[in-house]
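Please read the structure below before turning to the comments.
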Amino acid sequence: MLAALARSGGLEDCRRRGIEHLFYFQVDNPLVEVCGAEFLGYHLLAGSEMTTQVVAKRFPQEKVGNVLAVDGRLRVIEYSDLPDDVAERRAPDGSLAIWAGSIAVHAFDVGFLERMAQSAEALPFHRANKKVPYVDPATGLRVEPKQPNAVKFERFIFDLMPSARNALVVEVDPAEHFAPVKNASGEPSDTPESAKAQMVAVHAAWLARAGVDVAPGVPVEISPLFAMDANELAGKLTPGMRITSPTYFT
């Protein structure tokens, strides 16, 4: 992303238009509060060059980046790079010692990105072992390997964090901000169905705050084009309404 922003003229365009900060998020998380005022407020008040959202990890090996301080600098260690025995460490009260999981929501200072784009070493490579389908030359058939058979080299934008001045971490409630779609339907978690259920729960809570009664088990969804948050929603609805059938606010 960093190299693409520089090569494409994206950073130059930001300067030309007076854009000083960029908001970054992953498209597989429908609960992201895009350009959330509170999150960006912390970023600006701290004079941070990079601010990151985290949630409390549900279990030690959860597949999220691990945010921690190393030699006084904040950094993210990818789950695949964190040894299991380190991930399992506990604090005296029994909680996880390494608890802050990155959900890949960041705010960046444009000047910081410009500075880091000048260095080819700004983002190191990470090795990942992957299962990659291939064609058997003897039979001409597609093979789906059961074990990793390829090495992939990846770069992660979060590796900029140790270089950022006043790097900041903001914890959010996963019930309201993190519904990743990582797995296919039928898996135990992080499926399209679990993400939808979280969205419905959040939107039902917004409606309740607006004085709207939603019948138990009735799904409701609110398009961001209709309302971005509970406060905006409250200004558009009449208290005392009752919803008894599936409703989508557009």
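The values are calculated or read from the model by the stated rules, or taken from the named source; none is laboratory data. Note that the structure is a prediction, hence the values are computed from the model and not measured. Cβ atoms come from the backbone with ideal geometry, glycine included; neighbour counts cover every protein chain shown. Just so you know, the surface numbers come from the protein's heavy atoms only, side chains and all, with ligands and any DNA or RNA stripped out. Shrake-Rupley method; radii C 1.70, N 1.55, O 1.52, S 1.80 Å.
Worth pointing out:
- Where D84, D93, D229, D159 fall by accessible area, highest first, once all protein chains stay in place (1.4 Å): D93, D84, D229, D159
- Shown here for the range 20-79: trypsin sites (Lys or Arg not before Pro) in loop regions (DSSP other than H, G, I, E, B) with at most 15 other Cβ atoms within 10 Å, namely R58, K63.
- Solvent-accessible surface (1.4 angstrom probe) belonging to I19, in square angstrom, nearest 10: 50 Å²
- Between T247, P133, L207, the Cα set farthest toward the positive side of the dipole of the chain (charges on each charged residue's Cβ, about the Cα centre) is that of P133.
- Among the lysines of the chain, pairs that are 8 or more positions apart or on different chains and have alpha carbons within less than 30 Å of each other number 24.
- When only the Cβ of Lys, Arg, Asp and Glu is charged (+1, +1, -1, -1), the dipole of the range 1-68 relative to its Cα centre reaches about 160 debye.
- For the range 138-144, backbone phi angles converted through the Karplus equation (6.51, -1.76, 1.60; θ = phi - 60°) give residue-by-residue couplings of 6, 10, x, 9, 6, 10, 9 Hz, Gly and Pro being listed as x.
- Summing Cβ point charges (Lys, Arg +1; Asp, Glu -1) relative to the Cα centre of the range 109-173 gives a dipole of roughly 380 debye.
- Net dipole in debye of the chain [+1 Lys, Arg Cβ; -1 Asp, Glu Cβ; about Cα centre; nearest 20]: 420 debye
- Heavy atoms of T191: accessible area, 1.4 Å probe, square angstrom to 10: 10 Å²
- Rounded to whole numbers, the Karplus 3J(HN,Hα) couplings from phi for the range 88-100 are 7, 4, 10, 7, x, 7, x, 6, 5, 5, 9, 10, 7 Hz, using 6.51 cos²θ - 1.76 cosθ + 1.60 with θ = phi - 60°, and x at Gly and Pro.
- Summed residue charge, Cβ within 13 Å of T191's Cβ, Lys/Arg positive, Asp/Glu negative: -2
- Ligands, DNA and RNA aside, Y42 has an accessible area near 110 Å² when probed at 1.4 Å.
- Estimated [θ] at 222 nm from DSSP helical runs (n ≥ 4, -39500 (n - 2.57)) normalised by residues in the chain, nearest 500: -6500 deg cm²/dmol
- The residue list P92, T191, N149 was ranked by how far each Cα lies along the charge dipole of the range 88-201 toward its positive end, using unit charges on Cβ atoms, and N149 comes out on top.
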